[in-house]
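Colleague: If you scroll down you'll find the structure; I have some questions about it.
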Amino acid sequence: MRRLGIALVAGLALGGCVQTRQYADVEFTPPQGDYKLLVMRPDVSVGSVTTGGMVEPRADWTETARAKLLTALKAQQAGRGGNVMVLEKRDGIAGVSAEQVAELERLHYAVGSSIALHRYSGAYLPTKRRKGLDWTLGGDAVALGQRTGYDYALFLHAEDSFASDGRVALQVLGIAGCLVGFCAPTMGGAGQFAYASLVDLRTGKVVWFNVLSAESQVAGIKMGDIRTDAGAAQMVERLLDRMKPGREVRRRQKAAQ
């Protein structure tokens with residue numbers, strides 16, 4: 001399933017380009033006032049692209065990136081207001097065991113991957129609306145809200161990869177070949193893919209979703225390294241800076257102007 005990110009980076013992003021695209025439930029209004037938000041532990045995977053184009057996960061890079069993203073999430077949410085709790089570890093919370101939290105995380109990963117695939121890659125499902133969102137985490141999410149008192153849960157999934165020295169050398173070799181008339185460009189360099197989703201814990205529905213995709217330029221030049229403070233903050237800001245209201249909410253706002 002994690003290879004989904006690689007496919008979507010190729011389908012959504014141009015070389016050296018960063019794109020985000022968000023969808024919302026038609027009646028979604030971004031949380032404001034005295035709302036209670038539970039920020040789930042980020043699901044992160046960072047790896048190295050081998051000479052052959054495969055991504056090898058790196059546990060040390062992954063943990064560094066997760067820590068940086070947690071710091072960035074705390075800073076970003078601190079300026080939003082509301083009552084926010086950020087889960088830093090896979091621990092239980094009041095009324096909910098660690099295993100129940102993990103089950104919800106796994107469920108969200110399956111649902112989030114489905115949204116990313118069927119809303120963003122063009123593989124639309126005939127039973128789903130082409131506008132807005134029509135996905136839910138069901139009773140597990142509602143139970144979390146009832147037991148904790150939180151109104152929303154925010155999930156973040158991030159994948160990042162960096163070209164190894166061998167991969168960079170192969171890319172440079174391909175470019176050099178083009179200069180002498182034998183062009184054999186290599187595909188599958190480093191890339192970045194992430195999505196964030198907001199779940200209404202009163203209904204279990206995914207009410208807002210945003211995808212970020214970035215494909216590095218040639219020769220391993222990387223943008224927004226999430227293993228750094230600046231790169232992690234950049235990803236969080238691009239994903240969560242401006243939540244757009246749903247289509248019907250925007251229509252009513254426009255009519256009232």
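Colleague: What pairs come up if the first residue lies in the range 60-88 and is over 25 Å from Pro31 (Cα atoms), the second is of a type outside the set (A, V, I, L, M, F, W, C) and open to solvent by 50 Å² or more (accessible area, probe 1.4 Å), and their beta carbons are under 8 Å apart, counting only those six or more places apart or on different chains?
Modeller: These pairs meet every condition: Trp61/Arg227; Thr64/Arg227; Ala65/Arg227.
Colleague: Name the single residue, out of those in the range 206-219 being touching a Ser or Thr at 6+ places or on another chain (Cβ under 8 Å) and either surrounded by fewer than 20 Cβ atoms within 10 Å (Cβ to Cβ) or among the β-branched types (Val, Ile, Thr) (or both), that is modelled with the highest pLDDT.
Modeller: Checking each candidate, the answer is Val206.
Colleague: Restricting the search to the range 106-160, which residues are small (Gly, Ala, Ser), open to solvent by 50 Å² or more (accessible area, probe 1.4 Å) and modelled with pLDDT under 90?
Modeller: Ser121
Colleague: Picking from Val26, Val46, which residue would you name as being among the aliphatic types (A, V, I, L, M), assigned to a loop (DSSP other than H, G, I, E, B) and modelled with pLDDT of 50 or more?
Modeller: Val26
The values are calculated or read from the model by the stated rules, or taken from the named source; none is laboratory data. Computed from a predicted model, the values in this text were never measured in an experiment. Note that we place each Cβ from the backbone using ideal geometry, even for glycine, and neighbour counts take in every protein chain shown. Keep in mind that these areas ignore ligands, DNA and RNA; they rest on the heavy atoms of the full protein, side chains included. Shrake-Rupley method; radii C 1.70, N 1.55, O 1.52, S 1.80 Å.
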